[in-house]
1. For P(r) over Cα pairs in 10 Å bins from 0, in percent, several values are listed as (i) 11, 36, 32, 19, 2; (ii) 12, 41, 33, 12, 2, 0; (iii) 14, 47, 32, 7, 0; flag the one computed from this structure.
2. HN-Hα J couplings of the stretch 81-91 from phi, Karplus 6.51/-1.76/1.60, θ = phi - 60°, integer Hz, Gly and Pro as x?
3. Taking trypsin sites (Lys or Arg not before Pro) as exposed when DSSP calls them loop (any state but H, G, I, E, B) and at most 15 other Cβ atoms lie within 10 Å, what is the longest stretch of the chain free of them, the sites themselves excluded?
4. Taking the Cα centre of the stretch 7-126 as origin, work out the dipole magnitude from +1 charges on Lys and Arg Cβ and -1 charges on Asp and Glu Cβ, in debye rounded to 20.
5. How much net charge surrounds H33 when only other residues with a Cβ under 12 Å from its Cβ are counted (Lys, Arg +1; Asp, Glu -1)?
6. Expressed as a whole number of Å, what is the distance separating the alpha-carbon centroids of the stretch 18-50 and the stretch 68-120?
7. List, in the order given, every pair from K88/K114; K13/K86; K4/K114 whose Cα-Cα distance in the structure shown is over 18 Å.
8. Name the longest site-free stretch of the chain, where the excluded sites are GluC sites (Glu not before Pro) in a DSSP loop with no more than 13 other beta-carbon atoms within 10 Å.
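FYI, it's all coordinate maths here, none of it is from the lab. The shown structure was predicted, so the numbers you read here are calculated from the model rather than taken from an experiment. Ideal geometry is used to build each Cβ from the backbone, glycine not excepted, and the neighbour counts take in all protein chains shown.
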Amino acid sequence: MEYKNLTPMLTTKNINETIEFYCDVLGFNCINHDENLGWASLQSGKVNIMLNEPNEHVPFNGADINMSLYIYTNEVDALWEQVKDKAKVCYPIESFDYGMREFGIFDNNGYLLKFGWDTAMLEDKS
């Protein structure tokens, strides 16, 4: 067996507001949105995220901030400049000893989103 990809599904009580955040702030595209199902699919490059509204099968009391989504981008500094004043910042952009240049923000639901790139890859671009 081989796993092909991973598409996180984030639960939100306000799917329209969440679509707006991911599209307007982060530059995702809404590929599909079914209001009757309370579901949407978002995409940016090779990154896919699904959204769903709470249902009777799984209790939902808000975002689980004990987890985060890590999204690699080759334009981490430009993205930081784009989003730093439009989202709640967890930590600002920084180059870390473990070889990543990254930052963290919270989406409109409280999910922690981390964006980064390998600093060796950044040096190769120069």
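1. Label (ii) holds the value from this structure.
2. 4, 6, 10, 4, 9, 10, 9, 6, 8, 8, 8
3. 87-126
4. 60 debye
5. That sum, taken over residues with Cβ under 12 Å, equals -4.
6. Each part's Cα centre sits 19 Å from the other's.
7. K13/K86; K4/K114
8. For GluC sites (Glu not before Pro) (loop position, at most 13 other Cβ atoms within 10 Å), the longest site-free span of the chain is 76-126.
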